[in-house]
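S.K.: First the structure, which I've put down as structure tokens, then a few questions once you've had a look.
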Amino acid sequence: DTVKANGQVIIKEDDYEDTLDILNMLTENLHSVNQYGQNTTRTLKAMEEMLKDRTGGFVNTYLLPVLRQNEEMLNNYFAKEKEQYHIQTAFTLPDSTMPLYGNPATLNKAIMNLLHNSVYAVIKKAQKVENYTPEVTLTATIAEEQYILKIRDNGIGIEETIRDKIFNPFFTTKTTSEAAGIGLYLSREIIQNHNGDISVASVKNEYTEFTITLPKNKSI
């Protein structure tokens, strides 16, 4: 199905189009294989993360520096998104150092997981809603026996039908290319390892608010 002209092989138009179709198909398949490989790697890393022991590394420490580090990380890590979508962030923190017996590194991770979800939620809403001001806030208060953290956003919210599933491992409303579905599971595990608790309140397309409670350390 080829034609020779002046010693050169010329591919007929029909064959050329067939070749393009095959190349496009191969390209799509390679992309799918690559995506599948990335998703598999993400899942394996998630499983490895789940198996880690998070009960150690507890020391007499302070919660306030952890929260200040969370604020700095949020502003630095999402600087581009904050500028692009005009995301307003605010941390309301007490003057107290907030003594705590715990692991600052894992607490940092748990809180950052929640803040990351909040940023994701407001970005998704900003991409669909005009004249909308995305907001992500963290408020820390001190009660008699515990610290209370509230992480709130005015993003896409959580449907009532799935609200009781969001802490389950590998459950996610995001695509497999975006998340493995263990962030909230790990956050709850970390908080509970600190003898604390975490709960969520949400209205679809209005807001989501996570409430974390952590016991005080009265020995320091």
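S.K.: Of the cross-linked pairs Lys80/Lys165; Lys128/Lys150; Lys125/Lys165; Lys82/Lys125; Lys165/Lys216; Lys80/Lys124, which ones have a Cα-Cα span greater than 20 Å in the structure shown?
M.R.: Those over the limit are Lys80/Lys165; Lys128/Lys150; Lys125/Lys165; Lys165/Lys216.
S.K.: Something else: Taking R0 as 22 Å, what's the FRET efficiency between Ala79 and Glu135 from their Cβ-Cβ distance, rounded to 0.05?
M.R.: 0.85
S.K.: Could you compute how fast segment 102-146 diffuses translationally, taking Rh as the Kirkwood radius over C-alpha pairs and applying Stokes-Einstein at 4 °C with viscosity 1.567 mPa s? Give it in µm² per second.
M.R.: Value of D from the Cα-based Kirkwood radius: 102 µm²/s.
S.K.: If you add up the charges near Leu93, with Lys and Arg at +1 and Asp and Glu at -1, over every other residue whose beta carbon is less than 10 angstrom from its beta carbon, what do you get? Working shown, then result.
M.R.: Numbers: positive: Arg68; negative: Glu71, Asp95.
After counting each charged neighbour, the total is -1.
Readers should treat all values here as calculations from the given coordinates under stated rules, not as data from a laboratory. This structure is a prediction, so every number in the text was calculated from the model and none was measured. Neighbour counts run over all protein chains shown; Cβ positions are idealised from the backbone, glycine included.
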